[in-house]
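Remarks on the structure that follows.
Throughout, read-outs are computed from the coordinates displayed, never taken from laboratory work. Model, not experiment: these values are computed from the prediction. Every residue, glycine as well, gets a Cβ built from its backbone with ideal geometry; the counts of neighbours run over all protein chains shown.
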Amino acid sequence: MNDARAPQAAPWPDHSVVPDVWARYTDIDVDRGEGSWLVARDGERYLDYTSGIGVTNTGHAHPRVVAAVQAQAARLLHGQTNIVYHEPGLRLHQRLAGMLSGGPWQAFLSNSGSEAVEAAVKVARVSTGRTPIVAFRYGFHGRTAQAMALTTAKHSIRSANEPVPGSVYHADYPYCYRAATGAHDPADCTGEWEASLELLFHQVVDPDRVAAMVVEPVIGEGGYIVPPPTFLPRLREIADAHGILLVIDEVQAGFGRTGEMFAHQHTSVEPDIMIVAKGIASGLPLSGIVARRELVEAWPAGTHGGTYGGNVVACAAALATIETIEQEGLVANARERGAQLLAGLRELQARHPLIGDARGLGLMAAMELVRPGEGDGRVPDPEALKTVLGAALERKLMLLSAGSYGNVVRIIPPLVTTAEEVDLALGIIDEALAAAEARVTEARVTGALAARRGGE
């Protein structure tokens, strides 16, 4: 018999309590996550190939991470870094400093990618005594003021928030698919990026006054753009020639995402400062920089910090995350499943003219959608993108958009994803592309009929 006196669950709040400034991909009310899957309140299961925008590298609710969080939460929830030391924070600082070759390195912890970018810029300026910063077009580095000044992925990020801090200059990134001349395959594309940087140095800013160049090893928000393998090594050479620090933003590409622990490790290049966030703690808010120790030592005490930076529970989650990635072979799985995914996308490209380019590195993959037969064959099609994302979601696959032109399907599986899940996703993407192509055909027929009637 039901007890009428039992407390009733509070009604689920209306979605309107969340401000519209959060641009949304779905209206799903999620209940829980399991590995590569999200489970909604109504019991529907969704294959989550967004990973919370590249955060849940170990999958949802990985038992190792959950256990670490639970154990630490029962001991200490907050040990403020200005006041005390705590073991998870000390161990994580030590762990991060040991993840790069060369050095010696030192880590500094904060909460978000944007905060870590702000820290990197401050360290670069203080340690060099220089002010100008060079960033690259299509890059995304965050939405706080200084990070936003470096960002050019989409005008919507900057245009409503100007003015942004100055002394930041932008050069071309090697976007091979959209290179004006030469080959379009990253394997043999050179692009025009170096000429753009050289022109910037001649016309706008003296390279011997530049504090740092900040660059994504693979462009994230701007379209999952994989540069040619010569890009970072050449950028390292240019930086060294002028005493410029090389800051590599691994926020979206790090912690196994590309099939190496960090994306720059596909080359022999070492950064002077590396920025990390997203995949570091499996969903808990944590970020940081890993910089050459002498750079951090030039940073005067009290000139930077934050109340919650290096939170003890987040640090415990990060240690468990790194341990899981290493002990469960998730970097190798990212390589293997990434190769499977990219091969599948390129097979789809051969059958679907909507796909202008299929590209990726590890489990950081994308399709760039175009209007077949228009212009040079690379005219962006953002409407097709909306149809593909919607059709995939109807079939219980969650994907994201990206790209300055609003036409890139961004595919970010957790590093724990299986071969069977990749095949399932590819099958759904195939159906979603067919749905988009059917809509394009219908629109063209409707347009042609309307034009004919107008001429009668």
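Which three semi-axes in whole Å describe the equivalent ellipsoid of the range 113-265, each the square root of 5 times a Cα gyration tensor eigenvalue, listed largest first? Working shown, then result.
Working: eigenvalues 95, 67, 53 Å².
Square roots of five times the eigenvalues give 22, 18, 16 Å.
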GluC sites (Glu not before Pro) restricted to the range 250-332 and DSSP loop, no more than 16 other C-beta within 10 Å: Glu328
If you scale each eigenvalue of the Cα gyration tensor by 5 and take the root, what three semi-axes come out for the chain, rounded to whole angstrom and sorted largest first? 35, 32, 20
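What's the extension gain from Leu90 to Arg234 if we count 0.36 nm per residue and subtract their Cα-Cα distance? Walk me through the intermediate numbers first.
Details: separation 144, 0.36 × 144 = 51.84 nm, distance 3.53 nm.
Between Leu90 and Arg234, full extension yields an extra 48.3 nm.
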With no solvent and one equal point scatterer placed on each C-alpha of the range 64-327, evaluate the Debye formula and give log10 I(q)/I(0) for q = 0.07, 0.08, 0.11, 0.12 Å⁻¹, two decimals. -0.24, -0.31, -0.59, -0.70
Among Leu385, Gly310, Ala334, which residue has its Cα furthest toward the positive end of the charge dipole of the range 308-423, with +1 on Lys/Arg Cβ and -1 on Asp/Glu Cβ? Leu385
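Provide Rg over Rh for the range 53-121; use the alpha carbon set for both Rg and the Kirkwood Rh (inverse mean inverse pair distance). All intermediate terms of the calculation are to be shown ahead of the outcome.
On the way: Rg = 14.2 Å, Rh = 14.4 Å.
Reported Rg/Rh (Cα atoms, Kirkwood Rh): 0.99.
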How do Asp20, Asp172, Asp188 line up, fewest other C-beta atoms within 10 Å first? Asp20, Asp188, Asp172
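Residues with beta-carbon under 13 Å from that of Phe108, excluding Phe108: net charge, scoring Lys, Arg +1 and Asp, Glu -1? Display every interim value, and only then the final one.
Working: positive: Lys122, Arg292, Arg293; negative: Glu115, Glu118, Glu297.
It works out to a net charge of 0.
Which value results for Rg/Rh of the range 16-102 when Rg is the Cα radius of gyration and Rh the Kirkwood radius based on the inverse mean 1/r? Provide the component values of the computation, followed by the final result.
Details: Rg = 17.6 Å, Rh = 16.4 Å.
My calculation puts Rg/Rh at 1.07.
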Listed with the fewest Cβ neighbours within 10 Å leading, Tyr49, Tyr405, Tyr173, Tyr85 appear as Tyr85, Tyr405, Tyr173, Tyr49
So how much slack lies between Arg293 and Val66, counting 0.36 nm per residue of separation and subtracting their Cα-Cα distance, in nm? 78.5 nm
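For the chain, calculate the relative contact order in percent as a whole number, restricting contacts to Cα pairs under 8 Å that are 6 or more residues apart.
On the way: 897 pairs, mean separation 91.0, N = 456.
Relative contact order, the chain: 20 percent.
Between Thr418 and Glu383, what length comes free when the chain is fully extended (0.36 nm per residue of separation minus the Cα-Cα distance, one decimal in nm)? Don't jump to the answer; show the numbers that get you there.
Details: separation 35, 0.36 × 35 = 12.60 nm, distance 3.06 nm.
Result: 9.5 nm gained on full extension.
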On the formula 1/(1 + (r/R0)^6), with r taken between the Cβ atoms of Ala343 and Glu394 and R0 of 35 Å, the FRET efficiency rounded to 0.05 is 0.85
For the range 329-412, one quarter of the surface area of the C-alpha convex hull, expressed in nm², comes to 5.7 nm²
How many lysine pairs are close in the chain, with Cα atoms under 22 Å apart and the two 8 or more places apart or on different chains? 4
Given points 7 Å out from each Cα along the Cα-Cβ axis, report the Ala145 to Leu76 separation in nanometres with one decimal. 3.4 nm
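Quick one: of the DSSP bridges fully inside the chain, what percent are antiparallel, nearest 5? All intermediate terms of the calculation are to be shown ahead of the outcome.
Working: 32 of 47 bridges.
Percentage antiparallel, nearest 5: 70.
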